[in-house]
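**Student:** Structure below; questions to follow.
The values are calculated or read from the model by the stated rules, or taken from the named source; none is laboratory data. Quantities reported herein were computed from a predicted structural model and do not represent experimental measurements. When we count neighbours, we look across all protein chains shown, and the Cβ atoms used for this are built from the backbone with ideal geometry, even at glycine. Just the protein is used for accessible areas: all its heavy atoms, side chains included, with ligands, DNA and RNA removed. Shrake-Rupley method; radii C 1.70, N 1.55, O 1.52, S 1.80 Å.
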Amino acid sequence: MDVLVQSGAMNGLNLTAGPLALFALVASITPGPNNLLLMRSGAAFGIRRSVWHLAGVQIGFAGLVLLSHVGIGAMLLAVPGLFPLLRWACFGYLLWLAWIILRDTRPAGGDAAKTSPSSRPMSCVEAILFQLINPKAWMMAITVATAFYGEHIPHALDLATAIAVCLPIGATCMLIWTLWGASIDHVLKQPRARQLYRYGMATAVALTALWMLR
């Protein structure tokens, strides 16, 4: 074991980047809270206004990877009740968001529409903070920190490489979801279509909230 660790340290990079890249692709392109919210943001606000939301997701995920490498992720799994608490926090936030989206199915106009919390995209800081209660993001970060080093101990170069591999893949996958949302904007010009879309998105967000508790 010591020989393997020393060998990994001398080589500088213990990370198996190929499997990590495949994991990042599969985990990032599949549905989850971030992708769903970015699709909704793309449809409601367009690509340009959703860029900071997307950037916040990636910055937040990089922070989770860093925390997982220093042991916070393992602590979340080890302390009874702590990870379930994250699930419930995410559940509560997503249900609140579903209610906001549903409430905004009223016709546009008036003071309520102008002051609605859903009348702007998620900010970069809000997206970063959301990652702290996103169970899927935590599980991805914990997997990145533990599953791709064999018997070696990860070093700073491994951490930098893991982030460098995951972020471009994750950003590209999430941009696809955002583009998907933006691509249906022309359909949503019709009030009835936009109302049906908001009902559908509220339902999808609520179902995602329930999925967080599985």
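**Student:** Test Val165 against the stated conditions and say whether it is within 24 Å of Cys90 (Cα to Cα) and either of a type in the set (Val, Ile, Thr) or open to solvent by 50 Å² or more (accessible area, probe 1.4 Å) (or both).
**Tutor:** no
**Student:** Collect the residues in region 42-78 that are assigned to a helix (DSSP H, G or I), open to solvent by 50 Å² or more (accessible area, probe 1.4 Å) and at pLDDT below 95, keeping them in residue-number order.
**Tutor:** Step one: list which residues in region 42-78 are assigned to a helix (DSSP H, G or I), which gives 42-69, 72-78.
Restricting the remaining residues to those that are open to solvent by 50 Å² or more (accessible area, probe 1.4 Å) gives 47-49, 51-52, 59, 66-67, 72, 74-75, 77-78.
Those that are assigned to a helix (DSSP H, G or I), open to solvent by 50 Å² or more (accessible area, probe 1.4 Å) and at pLDDT below 95: Ile47, Arg48, Arg49, Leu66, Leu67, Ile72, Ala74, Met75, Leu77, Ala78.
**Student:** Can I ask one more? If you check every pair at least six apart or on different chains, which have Cβ atoms under 7 Å apart with a residue in region 27-41 that is farther than 13 Å from Thr208 by Cα and assigned to a helix (DSSP H, G or I) first and a residue that is aromatic (Phe, Trp, Tyr) and open to solvent by 20 Å² or more (accessible area, probe 1.4 Å) second?
**Tutor:** Within 7 Å, the pairs are Leu38/Trp177; Met39/Trp177; Met39/Trp180.
**Student:** Quick test of your reading of the structure: Tyr149 fulfils all but one of (1) open to solvent by 30 Å² or more (accessible area, probe 1.4 Å); (2) in contact (Cβ under 8 Å) with a residue 12 or more places away in the chain; (3) part of a loop (DSSP other than H, G, I, E, B). Name the failing condition by number.
**Tutor:** With respect to (1) open to solvent by 30 Å² or more (accessible area, probe 1.4 Å); (2) in contact (Cβ under 8 Å) with a residue 12 or more places away in the chain; (3) part of a loop (DSSP other than H, G, I, E, B), Tyr149 is out only on (1).
**Student:** With the structure loaded, tell me whether Leu38 is modelled with pLDDT of 90 or more, touching a Leu at 6+ places or on another chain (Cβ under 9 Å) and among the hydrophobic types (A, V, I, L, M, F, W, C) or whether it fails that test. Even if it seems obvious, please write down each step before you answer.
**Tutor:** Numbers: modelled with pLDDT of 90 or more: yes; touching a Leu at 6+ places or on another chain (Cβ under 9 Å): yes; among the hydrophobic types (A, V, I, L, M, F, W, C): yes.
Spelling it out, Leu38 is indeed modelled with pLDDT of 90 or more, touching a Leu at 6+ places or on another chain (Cβ under 9 Å) and among the hydrophobic types (A, V, I, L, M, F, W, C).
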